[in-house]
């Protein structure tokens, strides 16, 4: 017995030196070699480390949880038949279990297992020495675990860095116009803008709220011969119905109570320029009649005056309503619709142009980081995925608001995305564009007599 204990002492010192000096990447192999050497030096059939397997042997695991070693000379000493079968399948006819404790593993979850296929005595002095050896392996396992965790962390950082850099589009694309869009529907809309911009024709922009109708109106005006004069804008839903007429056509002094001065209307201000009538579908029936008259004659009369004023105005109208449905409902005049619907352009919702979201996001990041005096040069892949998953019921306007809020809350160089809560699937709203396109097709078929 003394010789065995002496051999164990030498083994502990030698393995401690080898495992302490092994390179991090070679630790796992060094531990395997150390276990094999232990079995050979002690004349045993098995020497290995058990972790997850212990959970399948309750009678052994319960003893190890106390922090004490456990051994049996013959497997028949194990009371549970299922545990005996598990031990025999592992070749452990006779075995000793010594707990291996590390910071990452709780008491009793890992053990150094020494086994023999013949009955073997396991004196208490032997088990006490084996505790020293288990400690050596425990230190090596802790070092290997720390090294693996460090390598994983470094790998994740490298991967994250690649994701951050790769997610940022080139500056030329990031600051480009809407014509840089990858979405075919947007490309088609921009092609239509280029076709109609140089003409005096009326344009009707159709699309959900927040899709960027005003941006497209700006593009039409900027590409038109009228671009040297400022485009005049009117939000038809923002002006009270009692004031909309004087806002559009102007008024004379004394036209109504409180009208103490003469006022030029938006039509007059837009002479030889462009008038953008946003939310045209919100006009009252009475104003629709008056607007139709002006669109047909290009002549206005200020409120309170009988003098006619000719105006040369290019009209761009926009709405998020399905005007054809409004016609059927009796809330929008059919003759005004046809007067406006000379050259319709349908703008897709943001959820149908997800390929443009990263570029749009970076445009807004650059815009708001400059305004807030911050430097934000990174956006994680996870954030991009969140932006792509969200349905964007508020379209580009909502995306812009989300980015502005995120920039305000971000304190470092990487954008901390502040997404809104999930909302109801907005797909049914697509009927606006679809209904308009079906109506155009039906009118074409009716005009040609085709089936």
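Each value in this text was obtained by applying a stated rule to the coordinates, not by laboratory testing. The shown structure was predicted, so the numbers you read here are calculated from the model rather than taken from an experiment. Note: ideal-geometry Cβ built from the backbone for every residue, glycine included; neighbour counts use all protein chains shown.
See the values below:
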| read-out | value |
| --- | --- |
| The stretch 14-88: relative contact order in percent, alpha carbon pairs under 8 Å with at least 6 residues between | 17 |
| Fewest-first ranking of 236, 183, using other Cβ atoms within 10 Å as the exposure measure | 183, 236 |
| Sorted peptide list for 57-63, 211-217, criterion being average Cβ within 10 angstrom, highest first | 211-217, 57-63 |
| Ranked packing of 312-322, 244-254, most packed first, by mean Cβ within 10 Å | 312-322, 244-254 |
| Rounded if a/c under 1.5, otherwise prolate or oblate - the stretch 193-347, Cα gyration tensor axes | oblate |
| Rel. contact order, % - alpha carbon contacts under 8 angstrom, at least six apart, the stretch 2-154 | 27 |
| Cα gyration tensor, the stretch 2-154 - rounded (a/c under 1.5), prolate or oblate | oblate |
| Average Cα contact separation per residue, the stretch 193-347, under 8 Å, 6 or more apart, as relative contact order % | 35 |
| Residue order, fewest to most beta carbons within 10 Å, for 101, 193 | 101, 193 |
| Packing-based exposure ordering (other Cβ within 10 Å, fewest first) of 4, 239 | 4, 239 |
